[in-house]
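Worksheet for the structure shown next.
Any read-out appearing in this document is the output of simple, stated calculations on the displayed coordinates, not a laboratory observation. This is a predicted model, so every value here is computed, not measured.
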Amino acid sequence: MEIIEVSGDSNQVGRQLGEHFRREIKQVTEYARNDLYKISDRSFQELKYGVWHDFAPFVSFNFQEGWKQLIGMSASSGISLNELLAFSLEDELFPGFSEKCTSVAAKLANGDIVLAHNEDWDSHYGLAMIKGDLDGTRFLSTSYIGKLIGNGATLNEHGFAFAGNSLYFDESPIIGAPKEFLLASLIDTKDSEDFMHRVCQYKHAGFHNVTFASSWGKMGYAEIMQGRIALSNDDSFATHTNHSRNKLGVGKEIRKDNSVKRLEAALSVEGRPLAESDIKALMACHNADGIFSICRHNGDVKNEYHIRTLASSIINTTTLEIHAADGNPCQSDFVRYKL
């Protein structure tokens with residue numbers, strides 16, 4: 001996995017990313033525009049300008065740093081700002097259309113606190129390890145190229161780690177906080193109370209979850225369902241996939257077998273004395289029937305959109321490092337990246 005180092009304010013960091021990944025951003029936005037977005041019954045032009053009209057005023061006011069980062073990326077990559085905004089709102093534009101990621105937080109037998117995250121998405125998309133200083137906060141993040149920093153699995157200098165994921169709901173978005181802008185705003189989170197405040201201060205546009213872990217021992221997840229939020233706190237184990245674990249009586253949930261099976265596999269290690277090697281093995285595991293596994297391959301199920309595990313990240317909040325496998329963790333070595 002390529003590593004890039006960035007530093008500066010939000011606009012400067014966005015410009016650095018846009019310049020460095022100019023070719024890759026052009027390729028992936030072209031793919032999204034010409035292929036992936038065909039799942040919508042609206043044209044891409046309708047999507048792009050509808051998003052601009054509906055979401056630009058909200059995010060530019062409430063998520064100013066993320067907005068500045070996107071402006072910088074647009075200026076240096078040559079991709080229009082409203083196209084990058086649409087690219088950042090896939091969860092809101094296409095709710096519940098595809099199987100996605102698995103997150104596991106755990107306290108290891110040696111006392112270390114880790115957050116593991118398998119990033120599952122379309123194999124046309126690229127990920128990079130981004131290391132740097134953003135407005136005075138040092139961070140390390142496995143992030144999608146062409147999107148805001150923090151959209152994958154992220155660790156900061158305070159020992160706080162988080163990873164975002166989708167929830168399966170077949171509901172139209174409302175005007176509110178989009179998932180990727182919320183995740184980008186968490187990069188300088190200082191503690192679990194700060195995290196909860198940031199998550200709870202907005203009405204959210206769609207349905208998603210954020211799993212977190214911290215060097216001071218707290219871990220858990222937030223389920224975000226537009227106007228309702230469910231928070232889980234623990235000190236030993238937490239995990240989430242893509243269906244609601246807290247029934248709040250809101251939305252049209254799509255309860256998919258793949259999400260249930262992955263959650264069952266993750267929960268099977270709860271309560272055991274775990275080493276980091278056990279967590280890596282969990283993120284690389286396959287079900288006996290070969291489908292609905294935590295480590296996902298292109299041929300596992302009918303897979304029109306080339307969904308697979310693009311990367312696996314094991315974040316150690318105690319040692320402040322990420323061990324990341326580029327591609328399926330059952331086939332790729334984990335490489336150590338130090339904050």
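Structure remark: mean-square fluctuation, Gaussian network model of the chain, C-alpha springs under 10 Å; the largest value among His243, His297, His124 belongs to His124.
Structure remark: mean-square fluctuation, Gaussian network model of the chain, C-alpha springs under 10 Å; the largest value among Ser268, Ser244, Ser74 belongs to Ser268.
Extents of the chain, taken as max minus min of Cα coordinates on every principal axis and listed largest first, are 51, 42, 37 Å.
In the distance distribution for the stretch 81-198, Cα-Cα pairs more than 22 Å apart total 37 percent.
Of all the options Ala205, Ala32, Ala325, the one that moves most in a Gaussian network model of the chain with Cα springs shorter than 10 angstrom is Ala32.
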